[in-house]
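Shown next, in structure tokens, is the structure this report addresses.
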Amino acid sequence: MDTHLSKVADHHNFWSETYDSSYYDHFDLYHRITKENILQYLPDKKDALILDAGGGTGIWSIELAQLGYQQIYLTDIAEKMIEKGHNKINKLEFQDKITIKVSNICDMPEFEYEKFDFILCEGDPLSYCGDYQKAMKELTRVLKSGGRLIASVDNRVSVLGWLDKNEDPEEIDRILATGDIQMPNEKDEFRYFIHAFTPLELRELFEEHGFIVDTIIGKPVIAHRFKWIRSKDSKFIEDILKLEMKYNSHPDYISRGGHLEIVGTKR
């Protein structure tokens, strides 16, 4: 594993024990937006072979198993995240539905050509992996023709919010031009660069690798950075969720999303 990926793995290993609680505390609305989007594109057959690439603690693998899907591969480069997922999967007795592997999305020789019917790449692995072109090539290789790939990435406009107040205009210009930005407020040993996409760049990446783009959404586009995202008022959250699903694929609002999510069908 190269230095960049080692830092990515170390970072996620460091947060493995608190990752799930933090995720559901801060990102419950984000999770629900993602789930509503995924549900529209899942395979009809419950025995479809599914890859949860960069799936960490198994949040989505478990969701899929609970929906009745029977053949799911959960992969990640962070061994402690995978270990956390393994414990949850054993507790739920989903071992017969979910196979776990430590794996790098940029290089997956353990999976043959066109193995999977459907791939999820949630939690922004394409942004974190260090070589999104290489990762995209591998994801395309292991997906069957006609299969769908759903991936989330960091949104370039949104990551400007990571900058310190004293950041200089040249640095802002560099980030907007390249999409490359250092992860904020991390311990020095975990510092690494991610790639944040624009909606157009993300679309072109998928099309370049032979995909028809079904949709791109921002998530969330309304509640992003507002106190609403952590509201405990269930009716209010339901109303906001409806608005999110109404507007998150609208071209005028996609770029407001904290993250972008794309759905593509391999030609």
Can you pull out every residue in segment 120-143 that is modelled with pLDDT of 95 or more and either of a type in the set (Val, Ile, Thr) or under 8 Å from the mean Cα position of the chain (by Cα) (or both)? Leu120, Cys121, Glu122, Asp124, Pro125, Leu126, Thr140, Val142
Within segment 19-33, take every residue that is in contact with a His (Cβ under 9 Å, 6 or more places away or on another chain) and in contact (Cβ under 8 Å) with a residue 40 or more places away in the chain and give me the one that is farthest from Lys144 (Cα to Cα). Tyr19
The number of residues in segment 6-47 that are of a type outside the set (S, T, N, Q) and assigned to a helix (DSSP H, G or I) is 23
Can you spot a residue in segment 91-99 that is modelled with pLDDT of 95 or more, assigned to a strand (DSSP E or B), hydroxyl-bearing (Ser, Thr, Tyr) and buried (at least 17 other Cβ atoms within 10 Å of the Cβ)? no
Of everything in segment 106-135, what is out of contact with any strand residue (DSSP E or B) (no Cβ under 6 Å at 6 or more places or on another chain), at negative phi and either of a type in the set (D, E, K, R) or in a loop (DSSP other than H, G, I, E, B) (or both)? Give them in sequence order. Cys106, Asp107, Met108, Pro109, Glu110, Phe111, Glu112, Tyr113, Lys115, Cys129, Asp131, Lys134
Kindly indicate which of Ala151, Ala177 is within 30 Å of Pro251 (Cβ to Cβ), in a strand (DSSP E or B) and small (Gly, Ala, Ser). Ala151
Considering (1) closer than 23 Å to Glu201 by Cα; (2) touching a Ser or Thr at 6+ places or on another chain (Cβ under 8 Å), say which one Val102 fails and leave the rest. (1)
Go through (1) of a type in the set (Gly, Ala, Ser); (2) at pLDDT below 95; (3) in contact with a helix residue (DSSP H, G or I) (Cβ under 6 Å, 6 or more places away or on another chain) one by one and return the number of the condition Gly58 breaks. (2)
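The values are calculated or read from the model by the stated rules, or taken from the named source; none is laboratory data. Given the structure is predicted, the values throughout are model-derived calculations rather than measurements. Methodologically, a virtual Cβ is constructed for each residue, glycine included, from the backbone with ideal geometry; neighbour enumeration extends over all protein chains shown.
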